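Contents: one structure, followed by commentary.
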Amino acid sequence: MPAKKKRENSTAAAGGGAAPADDAGVQSPTKKLHTENTKTDSKDSKSTNGSGSAAAGSGSGAGAAKPAVPFATPPSPGLKANRKPIRVWIDGCFDLLHWGHSNAIRQAKELCDYLVVGVHSDAEILRHKGPPVMTEKERYRAVAACKWVDEVVENAPYVTQLKTLDEYNIDFCVHGEDVSTDENGRDCYHEVKQAGRYKTIKRSESVSTTDIVGRMILMVR
């Protein structure tokens with residue numbers, strides 16, 4: 001499992017240097033990637049894996065326990081330093097990662113100190129939406145390369161659940177103004193909305209993976 005990226009203040013303490021980021025917000029994907037559906041060999045391995053709590057299943061398989069994740073990044077601009085660090089969750093397919101995705105991630109990061117990004121697996125996307133262009137491994141690494149991302153959770157459930165937020169010590173999750181629905185046409189965020197652990201960010205207009213794919217199809221005709 002790739003090692004989790006830490007911000008400059010944490011890597012300096014360990015004697016290492018942070019990976020350089022370019023102007024587009026892309027940096028080497030050195031942050032830890034958590035896999036939701038990875039199975040451990042025994043119950044003992046789960047109980048000694050840091051937090052000792054079982055991962056939430058997404059309907060496509062049971063999850064494994066994850067190690068506790070320490071607060072490793074400096075507060076975002078405008079956030080007070082002398083208080084409990086705010087942890088935020090954002091999830092999505094992030095297929096053909098474009099500036100609209102990056103803008104959503106940036107807005108989410110501005111609301112917190114530590115941003116956890118859940119990325120859906122190929123099976124989850126196929127079940128609820130349709131086949132993605134990029135494979136799940138490609139999408140996991142593309143998101144991990146974004147400088148505003150502190151942690152990536154692989155195979156995140158398509159329908160966002162409270163137990164997932166609790167597992168990663170999340171204060172609230174965010175999503176754009178558009179409504180995301182599951183295979184049955186139900187709001188994917190209905191559970192976290194009812195619990196008051198949801199905030200809306202502005203959706204980037206005039207860009208989408210569907211639009212990009214459409215343009216590519218027209219170019220080969």
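Too long at a 21 Å Cα-Cα cut-off: which of Lys109/Lys129; Lys109/Lys202; Lys129/Lys199; Lys137/Lys193? Intermediate results must be reported in sequence, preceding the final value.
Details: Lys109/Lys129 26 Å; Lys109/Lys202 13 Å; Lys129/Lys199 23 Å; Lys137/Lys193 29 Å.
Those over the limit are Lys109/Lys129; Lys129/Lys199; Lys137/Lys193.
Using a Förster distance of 25 angstrom, determine the FRET efficiency expected from the C-beta separation of Asn82 and Asp166, and round it to 0.05.
0.50
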Exercise. Return the sequence-ordered ³J(HN,Hα) values of segment 150-163 in whole Hz as given by the Karplus equation 6.51 cos²θ - 1.76 cosθ + 1.60 applied to θ = phi - 60°, using x for Gly and Pro.
Key: 8, 7, 10, 10, 6, 6, 5, x, 5, 9, 5, 10, 4, 5
Quiz item: What is the Cα centroid distance between segment 187-221 and segment 140-159, reported in whole angstrom?
Solution: 16 Å
Practice problem: Would you kindly state how much longer the chain becomes between Arg186 and Val133 on full extension, computed as 0.36 nm times their sequence separation minus their alpha carbon distance, in nm to one decimal? | Solution: 16.7 nm
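Throughout, read-outs are computed from the coordinates displayed, never taken from laboratory work. Quick caveat: nothing in here was measured; it's all calculated off a predicted structure. Note that we place each Cβ from the backbone using ideal geometry, even for glycine, and neighbour counts take in every protein chain shown.
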